[in-house]
1. Based on what the data block shows, is Leu296 under 18 Å from Gln125 (Cβ atoms), of a type in the set (A, V, I, L, M) and not assigned by TED's automatic domain parsing to the domain that holds Leu172?
2. Which of (1) within 30 Å of Leu266 (Cα to Cα); (2) not in a helix (DSSP H, G or I) does Ala138 not meet, given it meets every other one?
3. Could you please give the count of residues in segment 280-323 that are surrounded by fewer than 22 Cβ atoms within 10 Å (Cβ to Cβ) and in contact with a Gly (Cβ under 6 Å, 6 or more places away or on another chain)?
4. Out of segment 259-285, which residues are within 17 Å of Ile187 (Cα to Cα) and basic (Lys, Arg)?
5. Do you know which residues across segment 232-279 are out of contact with any Pro (no Cβ under 8 Å at 6 or more places or on another chain), touching a residue at least 24 places away in the same chain (Cβ under 8 Å), crowded, with 16+ Cβ neighbours inside 10 Å and hydrophobic (A, V, I, L, M, F, W, C)?
6. Of all strands (runs of 3 or more DSSP E) completely enclosed by segment 161-273, which ones contain at least 1 residues that are more than 24 Å from Ser332 (Cα to Cα) and modelled with pLDDT of 95 or more?
7. Quick one: in segment 274-292, of everything that is more than 28 Å from Glu21 (Cα to Cα) and part of a loop (DSSP other than H, G, I, E, B), which residue is nearest to the ligand (Cβ to nearest atom)?
Amino acid sequence: MERMKTVVVGCGGMSRTWVQEALAAERIDLVGLVDLEAERARAMADSFGIDQGACFRSLGEAVRATGADAVFDVTVPAAHAAVTLEALELGCHVLGEKPMSDSLENGRRMVDAAQAAGRVYAVTQTRRALPGVLSVEAFLREGGLGEVAELHSDFYLGCHFGGFREEMEHPLVLDMAIHTFDNARQISGREPVTVYAESWNPAHSWYRGDASAVAVFEMTGGLRYTYRGSWCNEGNHTSWAGDWRVAGSRGSLAWDGADAMEAQRLAADPGEGFHRELETIDVPRVTLEHEGHAHLIRQFAEHVCSGGRTPLACPAADNLPSLAMVLAAVESLRTGNRVPVRW
Ligand SMILES: NC(=O)c1ccc[n+]([C@@H]2O[C@H](COP(=O)([O-])OP(=O)(O)OC[C@H]3O[C@@H](n4cnc5c(N)ncnc54)[C@H](O)[C@@H]3O)[C@@H](O)[C@H]2O)c1
């Protein structure tokens, strides 16, 4: 296949990026826009100079009218399962927004349905495609710090979104933490085993639900991953990817989630001193032509068009453990218990 005929479903805030990237990508023909609220699809078409004839009220109508090969699901989390299952039934490949679904049961059904249909189904876990996170991942995989033992991330932003997030019970953990949790799996190459989490809502918070949380994960091999975060933190913001510290048997690495990365490791002859001799290491940097959505959308189109011969960073089956981390953390918040993470 030279180019992938694609329908975007859900024309809300996030979909502007998807439409923009779909129009810019070499391997994609954007053939349809769908929203339950017809006005939204029409407004999206107008703002990108797309013919109004490409706007549809339902996914089925859009796929049948255009002969689409693929569907981009940019609807709300509660609609992802229904939209993805319908798209697969219509014979389309699917690239969906995170989180893949609102329950693990739905997530598994979606992954199984894609397998049964022989279609590609992936999720845009966008912070997998950042040069910094890929650099840390490669450095650790090649043993840059010896055996990795601890991973810590801080996420502190003051975000005045308005809308649904300010009404959710656990806005930070349910809507945002999946990015950071997923990066912890990516960076460490380990899978989650258990989690204990606590959350609270500071008096100054403008969210109804808990905007601050901490979580401690046990990962395979005994590695501990700790998460601290707040969405009502005014000042000293971290990056959106969070501020990271990794400790290994031979050294440690600090990364600010953007450009700043420092690694120190034991010198060849570390001596017998109170603090052992250390050397500063340059972490080799991975570069990307495009990042985040732009990278993952192009990569998905290339993968589908090449019949699966090119890489795919976020196959949906691999997203299940990250979704499980979020849902298990919420269970821990609700019960006060340390709970197993299963998917
Ligand atoms: N990766 C990121 O950085 C990032 C950032 C923001 C949002 N998101 C994700 O993007 C998704 C969309 O978020 P948003 O902020 O654009 O939400 P939104 O509410 O602004 O837009 C969602 C749109 O989907 C439409 N819709 C809902 N159900 C539908 C259905 N069954 N069929 C057709 N249309 C339907 C709604 O009418 C609405 O226009 C969410 O899953 C969210 O978590 C990801």
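The values are calculated or read from the model by the stated rules, or taken from the named source; none is laboratory data. None of the values given here were measured: they were computed from a predicted structure. All Cβ positions, glycine included, derive from the backbone under ideal geometry; neighbour counts span all protein chains shown.
1. yes
2. (2)
3. Within segment 280-323, residues that are surrounded by fewer than 22 Cβ atoms within 10 Å (Cβ to Cβ) and in contact with a Gly (Cβ under 6 Å, 6 or more places away or on another chain) number 1.
4. Arg285
5. Trp240, Ala241, Trp244, Val246, Ala247, Leu253, Trp255, Met261, Ala263
6. 243-248, 251-255, 261-266
7. Among them, the one singled out is Val283.
Every residue, every condition in (1) loosely packed, with under 14 Cβ neighbours inside 10 Å; (2) within 25 Å of Arg190 (Cβ to Cβ); (3) among the acidic types (Asp, Glu); (4) touching a Ser or Thr at 6+ places or on another chain (Cβ under 9 Å), yes or no:
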| residue | (1), (2), (3), (4) |
| --- | --- |
| Glu39 | yes, no, yes, no |
| Ala45 | no, no, no, no |
| Gln52 | yes, no, no, no |
| Cys55 | no, no, no, no |
| Ala87 | no, no, no, no |
| Leu104 | no, yes, no, no |
| Arg109 | no, no, no, yes |
| Ala117 | no, no, no, no |
| Thr126 | no, yes, no, no |
